[in-house]
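The values are calculated or read from the model by the stated rules, or taken from the named source; none is laboratory data. Keep in mind the model is a prediction, meaning the values are calculated, not measured. FYI the Cβ positions are ideal-geometry reconstructions off the backbone, even for glycines, and counts take in every protein chain you see. Surface areas here come from the heavy atoms of the whole protein model, side chains and all, with no ligands, DNA or RNA. Shrake-Rupley method; radii C 1.70, N 1.55, O 1.52, S 1.80 Å.
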Amino acid sequence: MARLSRGSARALLAALLASTLLALLVSPARGRGGRDHGDWDEASRLPPLPPREDAARVARFVTHVSDWGALATISTLEAVRGRPFADVLSLSDGPPGAGSGVPYFYLSPLQLSVSNLQENPYATLTMTLAQTNFCKKHGFDPQSPLCVHIMLSGTVTKVNETEMDIAKHSLFIRHPEMKTWPSSHNWFFAKLNITNIWVLDYFGGPKIVTPEEYYNVTVHWKTSCGDHLVQPLHYIAEDTQAQRGKVIWSKSHSK
């Protein structure tokens, strides 16, 4: 009996250790961008949501705390040519507490969305607080307006040389894995030039925010690491026809 008891104890211990090891292997990593890589620690550092009546500030908040979004483009795939096509893309508007409001991307010509943008640079980006702990904490379904999501429409273009370092720093501090992506994929930095903004953060339909309002708000981020003051950016309205001429996705848009 003693031998049987010892054998049962060993079997029970082995089962417990196996389940613990499995839990460690499949549990998600802390922080969306990885620990100590500049990402938000949702439990303690995520700033509070601005007043919902201040739609421009809410839009900047959602953009800044989001590290991915769904980008809708017009498909060039023959099976669905001309139809809406959405894809999830990683993004960043700057390090935590220092967001500019400009969504930056790290893209490759091999991506389907980039193929679409080569033919038509217009796109709409959706971001939601469902990717943070905000909605779960308050019991909001991701589709509920109370969960808060925004839609930014405009054109996606490659960043110029003067903006390259800003885009690189903004993305790599939030997405350190990007540094290891294969160079053979010809990655490049891009951004969304925002022309239209909708904020859905309460019942009664979306609120319309102009790019001027969006960029000209003063953002005061309060985090456990200290307070950060982001001054308004000087907004310059984009000429869409001129902007289209700057798109350099393909040979037909070489300048």
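If you take all other residues with their beta carbon under 14 Å from the beta carbon of Leu107, and give Lys and Arg +1 and Asp and Glu -1, the sum is +2.
From most to least packed by mean Cβ count within 10 Å, the peptides 49-59, 162-172, 121-131 give 121-131, 49-59, 162-172.
Solvent exposure of the stretch 51-147, expressed per residue, is 40 Å² of accessible area, with all protein chains present and a 1.4 angstrom probe. Farthest towards the positive end of the charge dipole of the stretch 48-214, among the residues Pro48, His169, Ala123, is the Cα of Pro48, using unit charges on the Cβ of Lys, Arg, Asp and Glu.
Within the accessible area of the stretch 89-218, the carbon and sulfur atoms contribute 55%, probe 1.4 Å, all protein chains present.
Using the Cβ-Cβ distance between Arg81 and Ser184 with R0 set to 22 Å, the FRET efficiency from 1/(1 + (r/R0)^6) comes to roughly 0.20. For the stretch 109-203, the number of Lys pairs separated by eight or more positions or lying on different chains, with C-alpha atoms closer than 27 Å, is 6. Multiplying the residue separation of Lys136 and His169 by 0.36 nm and subtracting their alpha-carbon distance yields 8.9 nm.
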